[in-house]
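Have a look at the structure below before the remarks.
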Amino acid sequence: MTTHPDTVLIIDFGSQVTQLIARRVREAGVYCQIVPFQSADEAFRRIGPKAVILSGSPHSTVEIGSPRAPEAVFSAGIPVLGICYGEQTMCAQLGGKVEAGHHREFGRAFLEVQEDCALFEGVWAKGTRHQVWMSHGDRVTALPPGFQVVGTSTGAPFAAIADERRKFYAVQFHPEVAHTPDGAKLLQNFVHRIAGLEAKWTMAAYRGQAVEAIRQQVGTGKVICALSGGVDSSVAALLIHEAVGDQLTCILVDHGLMRKNEAADVVAMFHQHYNLPLILVDASDRFISALEGLTDPEAKRKTIGRLFIEVFEEEAKKLGGADFLAQGTLYPDVIESVSFTGATSSTIKSHHNVGGLPERMNMKLVEPLRELFKDEVRALGKELGLPESFIGRHPFPGPGLAIRCPGGVTREKLEILREADAIYLDEIRKAGLYDAIWQAFAVLLPVQTVGVMGDGRTYDSVLALRAVTSVDGMTADFYHFDMEFLGRAATRIINEVKGINRVVYDVTSKPPGTIEWE
């Protein structure tokens, strides 16, 4: 990743909501990076951050071998904010005491502000009471030298502490989550008032930095871009084209797993509106044949990823060779494609080549969006002149309909799903709901049920509908359709798509992590 002069480093100890800390910091106009605690020492020395935030964790500081922050963080003379576990490890490392077995707090709690401090300035005053969100079993029982209590709660007598001289602050609650209503303001205070960082993280600034970084990386080399037609790869293509012009060739691989008319629509849009060299490769038979018989979702993802690489490799040879392969990889892809904390997290998006390409490919990756969240990519797309109708398109993952068909993939199942999915999206658009929903899709379940249609019995498949709201793709909540809409959509699908006799709606919410079905 690019090194920015004013960076806040977030050390991740395995919390499910670490990514929300990054979102709040970037919303304040300040650039930040998340690093796993295992590599935090190297990252700290390499990046030279202006401030550090220590995340929460499922670990306990009283356990032998539990994660710790690099000692260099506390001796560098920069502001440090500890959150939940971050407070506990800060205290444990600086001479305080943490104990297990005390009163636990999970969920909504109320903070009593005991003293004014820079973290609370303009937000909370001494003597006031405010809602916060707690999630802890251990708690601090003795403060390190130099600290004072600035806030308490029923279960945490050291719910907020401060060493104003060293600009060290820590809270037992989670300011990054929505259930702490003023939490974002506290994080703004930390980066602006305490760390003294200005709100310079804008897409206009990023655009200029990214273009220059691409030029330095690519030089006079040739680039092929894996264009899917989605917002991410399209923004990446436009950004790279701005940087290196005709050194870029875009390749759209139709793997037979796209939505109805998707490939034709993408080609038409780019040929009509953008002067980008674009090659359409029909590899549908190749992909579907390789997927038939595979039921394990991880095997499907890896097969798709492998075939993509093979196709790009072949097309590069036809073009006389290429030096770089460009992808629309986003920051959530990077986070979710590696295990940050060993046993406490797992690989989610294995179809992304975030770790590099196979050695046999004499190409390097260009990933100009690797530092951005989804909403930031959309802002960059707007900066680059993409129309609102395109920027607002629902995201569609690289493996496409393959992960919307749990179990085995066949051509027949894909066609059934493609038609049902098209009807579902059509109904969403007709109802004027498309822009209110972050992502909607249909899933053909590996389940068949008995139904009655007309005067006969059927034994056909069950279709699940999913629609979620989200901002950055890291968390998602289901969209609250009314029953009239669901009834109308389900009736159309059953009447118009042969092979489906039952439709259900998925109301699962997702914590930070993938919102894909498999």
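Total residues in the range 395-433 satisfying the condition of being closer than 20 Å to THR491 by Cβ and either touching a Leu at 6+ places or on another chain (Cβ under 8 Å) or in a strand (DSSP E or B) (or both): the figure is 6. So in the range 433-473, with the set limited to residues that are under 26 Å from the mean Cα position of the chain (by Cα) and not hydrophobic (A, V, I, L, M, F, W, C), which one is modelled with the lowest pLDDT? Applying the filter and picking the extreme gives ASP472. In summary, strands (runs of 3 or more DSSP E) completely within the range 117-174 and bearing 3 or more residues that are not small (Gly, Ala, Ser) occur at 129-136, 139-142, 148-152, 168-171.
Out of curiosity, is ALA343 among the small types (Gly, Ala, Ser), on the phi < 0 side of the Ramachandran plot and at pLDDT 85 or above? No, not satisfied. Considering only residues that are touching a strand residue (DSSP E or B) at 6+ places or on another chain (Cβ under 6 Å), more than 19 Å from THR61 (Cα to Cα) and among the small types (Gly, Ala, Ser), look in the range 1-45 and name the one that is surrounded by the most Cβ atoms within 10 Å (Cβ to Cβ). Per the criteria, the residue is ALA22. When the residues of the range 476-500 are filtered to those that are touching a Ser or Thr at 6+ places or on another chain (Cβ under 8 Å) and open to solvent by 20 Å² or more (accessible area, probe 1.4 Å), the one that is modelled with the lowest pLDDT is ASP477. Of the candidates LEU294, LEU307, LEU330, the single residue that is closer than 29 Å to ARG378 by Cα, within 28 Å of the chain's Cα centre (by Cα) and modelled with pLDDT of 90 or more is LEU307. Taking the condition of a type in the set (Gly, Ala, Ser) and open to solvent by 10 Å² or more (accessible area, probe 1.4 Å), does SER55 pass? No: the conditions fail for SER55.
Selection of the range 285-312 for residues being within 29 Å of GLN247 (Cβ to Cβ) and open to solvent by less than 70 Å² (accessible area, probe 1.4 Å) yields PHE287, ILE304, GLY305, LEU307, PHE308, ILE309, GLU310, VAL311, PHE312.
All of SER55, SER60 fail the test of being among the polar types (S, T, N, Q) and closer than 18 Å to ARG24 by Cα, apart from SER55.
Out of VAL443, VAL409, which single residue is in contact (Cβ under 8 Å) with a residue 40 or more places away in the chain and touching a Pro at 6+ places or on another chain (Cβ under 9 Å)?
Working: VAL409 fails: touching a Pro at 6+ places or on another chain (Cβ under 9 Å).
Residue meeting the stated conditions: VAL443.
The set of residues in the range 153-170 that are under 33 Å from the mean Cα position of the chain (by Cα) and among the polar types (S, T, N, Q) contains only SER153.
Restricted to the range 17-113, the set of strands (runs of 3 or more DSSP E) holding at least 3 residues that are touching a Leu at 6+ places or on another chain (Cβ under 9 Å) and in contact (Cβ under 8 Å) with a residue 12 or more places away in the chain comprises 31-36, 51-54, 80-83. Every condition in (1) at pLDDT 90 or above; (2) within 17 Å of GLY381 (Cβ to Cβ); (3) open to solvent by 60 Å² or more (accessible area, probe 1.4 Å) holds for CYS225 except the one numbered (3).
Only residues that are within 25 Å of ARG193 (Cβ to Cβ), surrounded by 13 or more Cβ atoms within 10 Å (Cβ to Cβ) and touching a helix residue (DSSP H, G or I) at 6+ places or on another chain (Cβ under 9 Å) were counted in the range 120-141, giving 7.
The values are calculated or read from the model by the stated rules, or taken from the named source; none is laboratory data. A quick note: this is a predicted structure, and the numbers were derived from the prediction, not measured. Ideal geometry is used to build each Cβ from the backbone, glycine not excepted, and the neighbour counts take in all protein chains shown. All accessible areas refer to the heavy atoms of the entire protein, side chains included, with ligands and DNA or RNA removed. Shrake-Rupley method; radii C 1.70, N 1.55, O 1.52, S 1.80 Å.
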